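What follows is a single structure, written as structure tokens, with notes after it.
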Amino acid sequence: MSEFPIHPVPPHFADAHINAKTYAALYQRSIDDRDGFWADMATEFLSWDQPWHTVVEGDFSKGEARWFGGGKLNVSYNCIDRHLPERAGQTALIWEGDNPADSEHISYSQLHERVCRLANVLRARGVGKGDRVCIYMPMIPEAAYAMLACARIGAIHSVVFGGFSPTAITDRILDADCRTVITADEGRRGGKVVPLKTNVDTALTSCPNVHTCLVVRVTGSTQAWQEGRDIWYHEATTEVARECSPELMDAEDPLFILYTSGSTGKPKGVLHTTGGYLLQAAMTFKYTFDYREGEVFWCTADVGWVTGHTYILYGPLANGAISLMFEGVPTYPDAGRCWEIVDKHQVNTFYTAPTAIRALHAVGDAPVKRSSRDSLRLLGSVGEPINPEAWEWYYRVVGDSRCPIVDTWWQTETGAQMITPLPGATDLKPGAASMPMFGVELALLDEGGAEIEGAGAGYLVIKSSWPSQIRTIYGDHQRMVETYFSHYPGYYFTGDGATRDQDGYYWITGRVDDVLNISGHRMGTAEIESALVLHEDIAEAAVVGYPHDIKGQGIYCFVTPMDGVEPSESLRAELVALCATEIGAIAKPDVIQWAPGLPKTRSGKIMRRILRKIAENEVGNLGDISTLADPSVVDHLVANRVHPE
Ligand code: 6R9
């Protein structure tokens, strides 16, 4: 726990939507009268075409959850159409390009027309309710239109992060059997171009079922073209009607699939449904960010991650908010870019990841001080634990000690924020995700699975269903049950460790499984290991994380070459490149240590605990190694430890 001082709720948040008293009362009600609470929220936040008959049913211990059974609604109607009477001319999206000279305001009525046109194009290509559509896009408004167009016609979108490689795209397209892909010729990021269409072309050589590839023209560079399959977005959307009737969806109809990394095997397609997901996205957006009419909200995430889904798109638009979408990176053209954008668009709330905060902190205060940031009212953090030093810098320098910071803990699987301070209700402790959101029942378990009472540390679990809960892993429901609901029967297992202090604040300590968090991106050690052993010269690999100043965690690989293969710099470079082509640049190893042998138990299990200690340079404290088949391999690994740069 940190020795940093507590920051009380500032006086200018006295009239926030939620204060300390209303938080306590509403939280209590959300637990004591769960159905009544969520029924009220569903009425307040969403427009239903048909009311539900049952708020929630299903056996939580089996991972079953059906919310708002019988209810019907459409997500794109809720995010666009219903706002038109009041906000047709109001900005829905502000797009800021990679190039500081490029930006665009898109009003709710423009959003409506563009989403309808794209939805009509999709329908004309035979895409309908329940069909899966892969979206592989840069951060341009068309990415938002694509997601909303899918929602409009009941198609299930599967957004694949634009930094992923062709192999990763293929895996995801095949897993969900997507038949349609929406992409762009190229993307722009930090002054560089990303060859999106070329990547898709490569991916599609192994995806025979894809009949349509819609391509947005961004840079205008020449592209290979497969007649019949490839279609220019700008041409197709002018040939269709500007109105498109929204598909009536059941509350439990799927809305999207989003792949995320787990501790074993290949990435899993987390599936979210319509009513519950949108409700929790909308409610958390309003309360966590204390969103006020007309404010400009900026979430820096990519739409390829869940944070982009929930807090660039669905949460803000369900509230009729103004959401800023940024094509570029925080350090281009220089480290002052974010604060320039804040001033340019008068941003009121800025929501980013600790890795960005640490990177900007590292270059000093000057780029921040060049801007006024007077419009800022609130700051947010998400994606990984934030160290109190970075928190204090963010608070003091970026927020001029005036803006509360909401450190929001949640996951792809939870769909929306689960633990967070509320700016008008919670005194802030730097580094603490703080308090459960309404309707979220938390517990900490010890090794044996018993609940820890009061202050203590343990495995973070959730005790009862919430509306935006993961419904299944696409195509593998059993894996969903095993991953989240079988470790501790009756509880949802988050994979995170946490401590709870004497005031009931939660402090997330990080993953307790074999999942790394690299710059806020989840990465399974197993995925990186599988990529490394694809190389014909490699016999075996074990990957662990180690603390990294900027990225939070770095990737440390212990690699055993085949007999007779001499490790070399060129082999090292090939392995790094292999991770990039198999997964994406974010999976590039930071350290590769050649390991003639790995520490294994007599039954052949790699003892990662020992490898982690070596990577973390905690070699004085390796613990019991007597159960190893050959304890001498440890001495070799310790002696040849590579010091990360
Ligand atoms: C939203 C998102 C989820 C994992 C999660 C945890 C880590 C997210 C955090 C945090 C500490 C926070 N995490 N927010 N750790 N404090 N405020 O990031 O989803 O990509 O699925 O990652 O990220 O380890 O389990 P996702």
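Things worth noting here:
- Near pairs, Cβ below 6 angstrom, 6+ apart or cross-chain, from the range 326-339 (within 15 Å of ALA301 (Cα to Cα)) to any residue that is acidic (Asp, Glu): PHE326/GLU96; GLU327/ASP98; GLY328/ASP98
- The sole residue among ALA39, ALA65, ALA16 that is open to solvent by less than 40 Å² (accessible area, probe 1.4 Å) and touching a helix residue (DSSP H, G or I) at 6+ places or on another chain (Cβ under 8 Å) is ALA65.
Table: residues versus (1) surrounded by fewer than 24 Cβ atoms within 10 Å (Cβ to Cβ); (2) hydroxyl-bearing (Ser, Thr, Tyr).
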{"site": "GLY187", "(1), (2)": "no, no"}
{"site": "GLU243", "(1), (2)": "yes, no"}
{"site": "ASP250", "(1), (2)": "yes, no"}
{"site": "PRO254", "(1), (2)": "yes, no"}
{"site": "TYR277", "(1), (2)": "no, yes"}
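- Within the range 469-513, being among the aliphatic types (A, V, I, L, M) and under 19 Å from the mean Cα position of the chain (by Cα) holds for ILE470, ILE473, MET480, ILE508, VAL512.
- Being within 15 Å of the ligand (Cβ to nearest atom) and either over 22 Å from TRP95 (Cβ atoms) or assigned by the TED database to the domain that holds GLY190 (or both) is a property that THR331 lacks.
Residues checked against (1) hydrophobic (A, V, I, L, M, F, W, C); (2) part of a helix (DSSP H, G or I):
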| residue | (1), (2) |
| --- | --- |
| ILE169 | yes, yes |
| LYS197 | no, yes |
| THR202 | no, yes |
| GLN223 | no, no |
| HIS234 | no, yes |
| LEU271 | yes, no |
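- The set of residues from the range 608-629 being over 23 Å from VAL515 (Cβ atoms) and loosely packed, with under 13 Cβ neighbours inside 10 Å comprises GLY620, ASN621, ASP624, SER626.
- Residues in the range 584-625 that are part of a loop (DSSP other than H, G, I, E, B), at pLDDT 95 or above and out of contact with any Leu (no Cβ under 9 Å at 6 or more places or on another chain): LYS588, ASP590.
- CYS338 being more than 16 Å from the chain's Cα centre (by Cα) and at pLDDT 95 or above: yes
- Residue that is farthest from VAL368 (Cα to Cα) [pool: residues in the range 393-406 that are of a type outside the set (Ser, Thr, Tyr) and within 16 Å of the ligand (Cβ to nearest atom)]: VAL406
- Among the residues of the range 441-478, those identified as open to solvent by less than 10 Å² (accessible area, probe 1.4 Å) and either more than 20 Å from TRP67 (Cα to Cα) or without any contact (Cβ under 8 Å) to a residue 40 or more places away in the chain (or both) are ALA443, LEU444, LEU445, LEU460, VAL461.
- Just so you know, in the range 498-513 the residues that are outside any strand (DSSP E or B) and either among the polar types (S, T, N, Q) or surrounded by fewer than 22 Cβ atoms within 10 Å (Cβ to Cβ) (or both) include one that is farthest from the ligand (Cβ to nearest atom), and it is GLN502.
- Restricting the range 133-155 to residues that are aliphatic (A, V, I, L, M), touching an Asp or Glu at 6+ places or on another chain (Cβ under 7 Å) and not in a helix (DSSP H, G or I) leaves a set whose member that is surrounded by the fewest Cβ atoms within 10 Å (Cβ to Cβ) is ILE140.
- In the set (1) farther than 26 Å from VAL133 by Cα; (2) crowded, with 24+ Cβ neighbours inside 10 Å, CYS299 fails one condition alone, (1).
The values are calculated or read from the model by the stated rules, or taken from the named source; none is laboratory data. Here the structure is a predicted model, which means the values were calculated and not measured. Glycine also receives a Cβ, built like all others from the backbone with ideal geometry; neighbour counts cover every protein chain displayed. SASA here: full protein model, heavy atoms, side chains in, ligands and nucleic acids out. Shrake-Rupley method; radii C 1.70, N 1.55, O 1.52, S 1.80 Å.
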